[in-house]
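Heads up: the structure comes next, in structure tokens.
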């Protein structure tokens, strides 16, 4: 798999640095800037502690963030239907990927992040993504593979910094 030469995917070695960087980067744009602080920080904290996140950097600047949860089909349904928040334990592993936070400063960054995410989650069955817009929430579902089949994980270069 070819990756964009000007974009670097990374995680922070220290969770508090990652949480601070995620809060700062995401709070600069809607809808994230409108979310309730405590609930949103808990969501980001869970992603970071599970290593279910990455940042994208270009020339020393953060230009993207991706955060997710790995859940069962049942937990995915609870999240999709806004029945309740999921617990940390429910988000550790499962056949479904919930994209819970994604921000990219350009289409190029978004496409790069999507390519990385597909490689990281190649063995999962489904990806769910909700987007908040001024008109309301929009849901998308993607099948990564046929049910019952498993693709091997692809190596993705993620640098650990700090």
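Quick grid of which residues meet (1) within 22 Å of residue 12 (Cα to Cα); (2) buried (at least 21 other Cβ atoms within 10 Å of the Cβ); (3) touching a residue at least 40 places away in the same chain (Cβ under 8 Å); (4) touching a helix residue (DSSP H, G or I) at 6+ places or on another chain (Cβ under 9 Å):
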{"site": "66", "(1), (2), (3), (4)": "yes, yes, yes, yes"}
{"site": "96", "(1), (2), (3), (4)": "no, yes, no, yes"}
{"site": "108", "(1), (2), (3), (4)": "no, no, yes, no"}
{"site": "118", "(1), (2), (3), (4)": "yes, no, no, no"}
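If you filter the range 5-34 down to residues that are out of contact with any strand residue (DSSP E or B) (no Cβ under 9 Å at 6 or more places or on another chain) and in a loop (DSSP other than H, G, I, E, B), you find that the one that is surrounded by the most Cβ atoms within 10 Å (Cβ to Cβ) is 27. Restricting attention to the range 74-87, the residues that are free of Cβ contacts under 8 Å to residues at least 24 places away in the same chain and either within 27 Å of residue 56 (Cα to Cα) or not in a loop (DSSP other than H, G, I, E, B) (or both) add up to 6.
Does residue 48 meet the test of being in contact (Cβ under 8 Å) with a residue 24 or more places away in the chain, within 18 Å of residue 160 (Cα to Cα) and part of a strand (DSSP E or B)?
Values: in contact (Cβ under 8 Å) with a residue 24 or more places away in the chain: yes; within 18 Å of residue 160 (Cα to Cα): yes; part of a strand (DSSP E or B): no.
Here the answer is no, as residue 48 does not meet what is asked.
Among the conditions (1) within 20 Å of residue 124 (Cα to Cα); (2) in contact with a helix residue (DSSP H, G or I) (Cβ under 7 Å, 6 or more places away or on another chain); (3) modelled with pLDDT of 95 or more; (4) outside any helix (DSSP H, G or I), the only one that residue 90 does not satisfy is (4).
Under the condition of being over 16 Å from the mean Cα position of the chain (by Cα), modelled with pLDDT of 60 or more and surrounded by 12 or more Cβ atoms within 10 Å (Cβ to Cβ), the residues counted in the range 126-158 number 0.
The values are calculated or read from the model by the stated rules, or taken from the named source; none is laboratory data. In this text the structure is predicted, and so the values were computed from the model without any measurement. Every residue, glycine as well, gets a Cβ built from its backbone with ideal geometry; the counts of neighbours run over all protein chains shown.
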